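For reference, the structure is listed below as structure tokens.
The values are calculated or read from the model by the stated rules, or taken from the named source; none is laboratory data. Just so it is clear, the structure is predicted and the values come from calculations on it, not from any experiment. Glycine also receives a Cβ, built like all others from the backbone with ideal geometry; neighbour counts cover every protein chain displayed.
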Amino acid sequence: MPSVATNPALQTKGYNPYARATLNNGQVPAFEPDRQVSRTPAGREIGNSFQAFGVDAYQAPATRSDVTSITANNVSYRVLGDLNIKVPYAQLDLYDRTPEDAMHLEGLDFNLHLRGGQVKVSDVDVSITVGKLLDQYKLPVKDLRVAFDPDNQVRVEAKVSKFGLSIPVKATATIGATPSGGVQAALGKVSVMGIPLNGLMKTFGISLEKTLKLNDPAKGFYAVGNTVYINPNQILAQPGINVNLRQVDTHLGNLSLTFADSPADWDATRENLSRHNLNALEIRGGHFYYDGYFVKDGVVRMEDKTSGTPLEMEKDGETIMNLSQGMVGVTEYKFAEMIRGKLGSDSSLKYPTTTLKANAAELGGLMWGAVPLKLDLAFGATAGGQLMFTPGNAKAFGFVPLPDGLIRKQVVGMVEGGIPYGKGVALPSLGDTHLGHLRQVSHQPGYLILEAGQPPASYPSRN
């Protein structure tokens, strides 16, 4: 079993779940995933618009160690600080930007290729985010407010600085998808200080392009005349994004964007959007960190504990992990959380503490709420592939040895769901971690290492 010290698969780097996206300054090329491309013989009708697909087939590089493939259902993710993106469904690949160590799913340590799916954003979040973008690029627009209305209509209010004055401006626009997979917003009615200006703008040749100075397509958003274009693939430098927008829909207060690389991806997206799937992430391959786990070459399903709201990726403790294959490094803090969950409020061991050592997990606390107790839990796997541990080296008050038989009896009683197994206790699950068939279990300082795989076909039971 590889060690944390020698194998980057289980090493930690500076984890920051609130990492900010990095904007493209016009100098960073768009991220392009590896593809196998064949051209479609013709376009096809999508919803109420007709667009040609440029890519007919995409081969997911599932065998690459730096690529993690994800199917997401009812997930939310916050980028640029304020933009909360809700994802009813998505099929995507994440390309690790730093393959020498683990990719952080809650951070932005990857390039993203969205093969098919849908995302939704609110007009409040868009107002705040676009306002910050305008400030960053020192554009003459302040106090921006965006409102989404039905039928792809958008209302915008702002104050434009001109000739030393702050002039209130209101405008409407119609939003849609471009044939190349981007967003376009065509200007409708415009008023300044309550006075309609469309006629004057036409007479004097005034346009958004000239007024807002949005004339650099390399930055990902620009204007041509009175139409603003946004290329999602060039907005951000980190994470790099590769998407193909196929349909735009607005409802009161919300904007929906539907993406697909190919006709097959479009059909799969529409089919999944029509279902009521559980909030979950299904993750295959790669090497990543998520919510206290390091996972390598895994087949994992992360299910939401709070089904009434989307699975919030930036929050810790939101998920139940089901591991069917791969190697998992359980971190110190996650292990402590698991043990507290297994002991429960009715346990005879109060105020539990844990330390993951080289050969065992040390468990401490107050037995019956009064007697200081420390013991080692040596974790392993049962013959049937379940997690188990053997207690030992128990001491009361730090120096009084306790008989192993007495401790085993007490531990079986205090661990929720524990089943006597040999000289130890078998655990069908470990807190919010539900394990498949365990091939191997080992200890490293600061980690509990689990390796799961398919059980032999001849196994009669799980014990």
For this session: Quick one: which strands (runs of 3 or more DSSP E) lie wholly within region 35-132 and hold at least 2 residues that are at pLDDT 70 or above?
Result: 67-79, 83-96, 110-122
For this session: Kindly provide the set of residues from region 104-150 that are touching a residue at least 40 places away in the same chain (Cβ under 8 Å) and of a type in the set (Asp, Glu), ordered by number.
Result: Glu106, Asp109, Asp123, Asp125, Asp149
Problem set entry | Answer from Gly225, Gly194, Gly199, Gly220 - the residue that is surrounded by 15 or more Cβ atoms within 10 Å (Cβ to Cβ) and not polar (S, T, N, Q) | Gly220
Exercise. What number goes with the only condition from (1) farther than 30 Å from Arg301 by Cα; (2) out of contact with any helix residue (DSSP H, G or I) (no Cβ under 8 Å at 6 or more places or on another chain); (3) surrounded by fewer than 18 Cβ atoms within 10 Å (Cβ to Cβ) that Arg408 does not pass?
Worked result: (3)
For this session: Answer yes or no as to whether Leu187 is among the aliphatic types (A, V, I, L, M), at pLDDT 80 or above and surrounded by fewer than 19 Cβ atoms within 10 Å (Cβ to Cβ).
Result: no
For this session: Among the candidates Lys334, Lys296, single out the residue that is farther than 27 Å from Phe397 by Cβ, part of a helix (DSSP H, G or I), at pLDDT 85 or above and basic (Lys, Arg).
Result: Lys334
For this session: Please note which helices (runs of 4 or more DSSP H) are completely contained in region 153-258 and include at least 1 residues that are under 20 Å from Asp123 (Cβ atoms), touching a residue at least 24 places away in the same chain (Cβ under 8 Å) and under 28 Å from the mean Cα position of the chain (by Cα).
Result: 232-235
